[in-house]
Structure formats: structure tokens, C-alpha cells
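Okay, structure first, notes after.
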């Protein structure tokens with residue numbers, strides 16, 4: 001299980017790239033992007049089929065991100081996650097959150113083999129404050145049953 005301190009450290013800069021942002025406001029990649037924006041995060045969107053999102057640049061690929069980006073949330077289809085992780089490693093980004101349902105064993109193994117600070121099997125919206133709605137309920141249930149991350 002991921003340590004709570006690792007999650008808090010990942011979220012501390014309030015700046016990250018989000019790989020898998022969608023035009024469709026109902027898809028998770030877009031929901032997480034919009035929600036984190038509302039919560040004050042500085043975000044860099046990644047989607048090869050978009051040039052901008054809400055007037056801000058959208059990068060086609062991890063390799064195009066500004067050099068200062070050191071945190072990345074992966075919210076892609078699982079079939080794309082290993083390729084994203086490989087590009088993240090090449091770019092020198094060393095903090096990755098692979099959103100639950102986006103992870104594959106190969107992607108996780110690749111990240112761990114390369115010493116990446118990795119968060120997996122967790123939903124970022126349960127931790128990025130203020131937590132609201134269904135994510136607040138999920139967090140409550142996790143705490144109730146002892147499955148919420150601890151140190």
C-alpha cells in the first residue's frame with residue numbers, strides 16, 4: 001500500500017502534468033483535470049489530439065512538456081500506460097501517479113525498476129483537498145475499513 005506521506009509529498013507542489021485529458025467533460029481524464037484546476041493546481045494537459053484546453057496549451061506528448069515539470073498523473077487507457085511511463089523516464093520526470101484503472105503490471109514494473117517515486121492503486125481525487133462528493137465518501141469508507149493509506 002502507498003504511504004500517506006508519499007501521496008502528500010506528490011500533491012505538495014500543486015503542479016503536475018495530466019496525461020489522458022479528454023475533450024469529453026464526462027471522461028475521467030477531463031474530470032480530474034477540471035477538478036484539480038478548480039482546487040488551485042497548475043496543470044499541463046497532455047493529449048495528442050488537442051492543441052489547447054480552455055485556452056491553455058495541450059501538449060501532444062510527455063516529451064514536449066516544459067523542463068520544470070516533475071510530477072505526472074497518468075489517466076490514460078491501460079493499453080497506453082506503459083508507453084507513457086517509458087516516455088516519462090526518458091524525460092527525467094521522477095514522480096508518477098498512475099490512476100487506478102490505468103495501471104498495468106508492465107508499467108508499474110518499469111517505473112519501479114527505474115526508481116520512480118510511484119503512486120498506484122489510488123484515486124487522486126480522494127486526496128487532493130478539498131475532497132468532496134463521492135470521493136469524500138470513498139475516503140470515509142477506506143478509513144472505516146482500514147484501507148486508507150497510512151505511514
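For the chain, with a Gaussian network of springs between Cα atoms less than 10 Å apart, report the residue from 115, 92, 133 with the top mean-square fluctuation.
Between 115, 92, 133, it is 133 that shows the largest mean-square fluctuation.
Between region 68-97 and region 106-141, what is the C-alpha centre distance in whole Å?
14 Å
Would you mind ranking 59, 33, 44 by Cβ crowding within 10 Å, fewest neighbours first?
Listed from fewest to most nearby Cβ atoms, that is 59, 44, 33.
With a 10 Å Cβ neighbour count serving as the proxy for reagent exposure, in which order, fewest first, do 104, 22 appear?
104, 22
By how many nm would the segment from residue 90 to residue 37 grow when fully extended, if each residue of separation counts as 0.36 nm and the alpha-carbon distance is taken off?
Difference between extended and current length: 16.4 nm.
Candidates (i) 54, 38, 27; (ii) 68, 40, 25; (iii) 43, 35, 27; which is the computed Cα extents along the principal axes in Å?
Calculated Cα extents along the principal axes in Å: the matching label is (iii).
Pick out which of 75, 60, 17 has the largest mean-square fluctuation in a Gaussian network model of the chain, springs linking Cα atoms closer than 10 Å.
Of 75, 60, 17, the most mobile in the Gaussian network model is 60.
Using label points projected 7 Å from each Cα along Cα→Cβ, tell me how many nm separate residue 1 and residue 145, to one decimal.
1.2 nm
With springs only between Cα atoms under 10 Å, which of 64, 100, 80 fluctuates most in a Gaussian network model of the chain?
Top of the fluctuation ranking is 64.
Percent antiparallel among DSSP beta bridges with both residues in region 4-144, to the nearest 5?
Around 10 percent antiparallel, to the nearest 5.
Readers should treat all values here as calculations from the given coordinates under stated rules, not as data from a laboratory. In this text, all values refer to a predicted model and were calculated from it rather than measured experimentally. Neighbour counts are summed over all protein chains in view; Cβ atoms, including those assigned to glycine, are modelled from backbone coordinates with ideal geometry.
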